[in-house]
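The values are calculated or read from the model by the stated rules, or taken from the named source; none is laboratory data. Note that the structure is a prediction, hence the values are computed from the model and not measured. Cβ: placed from backbone, ideal geometry, glycine included. Neighbour counts: every protein chain shown. These area figures cover heavy atoms from the full protein model, side chains too; ligands, DNA and RNA do not enter into them. Shrake-Rupley method; radii C 1.70, N 1.55, O 1.52, S 1.80 Å.
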Amino acid sequence: MKVVFYSFTGNVRRFIQRTKLKDTFEITNSTLTEKMKEPFILVTSTIGFGEIPPVVQEFLNHNQEYIQGVAASGNRNWGRNFAKAGQLIAQAYNVPLLMKFELHGTQKDTIEFRDKVVNFHENNRAKILQSY
């Protein structure tokens, strides 16, 4: 599964690099209108008071049909707004919020995210097929 990411301060970029995932794409001012041709998981930072970065929103305006899930970085000092961009994107595009992590994440966060990406289709299929 492709991982598309946006890093406002470099924290998300460091997080993605530590996962050692190969199929990644960084959203920048020069790539924000690039059209994806395959499903992806989005990882984004949160800005301001729990807002989606405008660059990410612009990218999603062009690629919303391919987003499959989202993870977000933030700072716990913001309380309820910690990594809130992930929640907002999950709600707006009806995709799962895979996780929130602080700043560039811990080693445990990195392992958890990698596992979720590698097993994304299997985990989603199990949730869909499981009866409650």
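Worth pointing out:
- When the residues of region 1-29 are filtered to those that are aliphatic (A, V, I, L, M) and more than 17 Å from ASP109 (Cβ to Cβ), the one that is modelled with the lowest pLDDT is MET1.
- Any hit, region 100-117, residues being more than 24 Å from GLN17 (Cβ to Cβ) and either touching a Leu at 6+ places or on another chain (Cβ under 8 Å) or open to solvent by 70 Å² or more (accessible area, probe 1.4 Å) (or both): no
- Count of region 58-88 residues which are part of a helix (DSSP H, G or I), closer than 23 Å to ASP23 by Cβ, of a type in the set (S, T, N, Q) and open to solvent by 50 Å² or more (accessible area, probe 1.4 Å): 2
- When residues of region 88-132 are limited to those that are touching a Lys or Arg at 6+ places or on another chain (Cβ under 8 Å) and polar (S, T, N, Q), the one modelled with the lowest pLDDT: ASN123
- Among the conditions (1) open to solvent by less than 70 Å² (accessible area, probe 1.4 Å); (2) assigned to a helix (DSSP H, G or I), the only one that GLN91 does not satisfy is (1).
- Top-ranked residue in region 13-46 [being of a type in the set (Val, Ile, Thr) and more than 15 Å from the chain's Cα centre (by Cα); ranked as least open to solvent (accessible area, probe 1.4 Å)]: THR31
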